Amino acid sequence: MKELALIILACCMGFEAIAQTAKYGENGRGDYDEYISKDGSVYKVGEKLKIGTPQGLNKTFTFILEGDGILVAPTSCPAARGGMEYEIKSFRAGNKAQGYKIWSKMKCNALALPLIVDFENALQSGELIGYGYTRDQALQELKKFKDMYDLELISKEDYDKKKEELQKYILQ
C-alpha cells in the first residue's frame, strides 16, 4: 500500500505544470504561461484585458489582428472591438526574424473572433489596456501630481514617490 502511494505521488509530481515566463527582450522562441512586459507588469494566461483605441488608418488596429490564423485568416481588427474585454489564452514568442516578439491569442466569447496581438506594441500604443501606463498617460499623471504639489495639496515626498513610480514609463 505504501509503495502504491509513492508511485501515485511520483506520477502526480511528474505532471506538475511548470510555468514558463517570457520577459521583454530576454525570451527565446516558444510558448509561455506569463509575460513580464517592458514596464515590469506581469500578464498571465487566463487574465482579462480591455481593448483600447485603434492607432491605424481607417480606425483599425495596427497591433491587433482578428482571426485565429488557422480557420480564419487574420485581418485588421475593427474599431468596434475597442472597449471589449478579452481573455489571454496563450503567449508565444516569434522567431529570430521577428525579434522574438511576444504574441498573444485572446478570446472574448463564443460569437467574437479570437484576436492575435503583438502584445508589447499593443500595450505601448494603447491599443491594449494593460496594468501600466503608456508614456503619454504617465506624463499626464505626473503633470497632475506636479500641479497638486505646486498648489500645496500634496507633500514633496508624495510627489517624488509618484515621479519615481512613473519614470519607468516615461523614459522607456
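Taking every alpha-carbon pair under 8 Å whose residues sit at least 6 apart, the range 68-172 reaches a relative contact order of 17 percent.
Using per-residue counts of other Cβ atoms within 10 Å, averaged over each peptide, order 49-57, 23-31 from highest down.
On the way: 49-57: 17.0, 23-31: 12.6.
Highest-to-lowest ranking by the protection proxy: 49-57, 23-31.
Distance between the modelled labels on residue 165 and residue 97, one decimal in nanometres: 4.4 nm (7 Å Cα→Cβ projection). Straight Cα distances below 22 angstrom link residue 144 to the lysines 156, 161, 162, 163, 168, with same-chain residues fewer than 8 positions distant left out. Local charge for residue 85 was computed over the other residues whose Cβ lies under 9 Å away, with Lys and Arg +1 and Asp and Glu -1, and equals +1. Taken about its Cα centre, the chain carries a charge dipole of roughly 400 debye when the Cβ of each Lys and Arg holds +1 and the Cβ of each Asp and Glu holds -1.
Normalised by the number of residues in the range 19-127, what is the relative contact order in percent for Cα pairs under 8 Å and 6+ residues apart?
Details: 239 pairs, mean separation 29.9, N = 109.
Reported relative contact order: 27 percent.
Projecting the Cα positions of 95, 40, 20 onto the charge dipole of the range 17-129 (unit charges on Cβ atoms of Lys, Arg, Asp and Glu, taken about the Cα centre) puts 95 furthest along the positive direction.
With charges only on Cβ, +1 for K and R and -1 for D and E, what is the dipole size of the range 76-167 about its Cα centre, in debye, rounded to 20?
On the way: 15 positive and 15 negative charges, 126 e Å.
So the magnitude is around 600 debye.
Between 140, 49, 61, the Cα set farthest toward the positive side of the dipole of the chain (charges on each charged residue's Cβ, about the Cα centre) is that of 61. In this label model, residue 48 and residue 146 are separated by 3.7 nm, measuring between points 7 Å along each Cα→Cβ vector. Residues considered: 112, 73, 97. Largest GNM mean-square fluctuation over the chain, using C-alpha springs under 10 Å, is found at 97.
No lab work stands behind these numbers, since they all come straight from the coordinates. The structure displayed is predicted, hence computed values, not measured ones. Cβ coordinates were reconstructed from backbone atoms using ideal geometry, including for glycine residues, and neighbour counts include every protein chain displayed.
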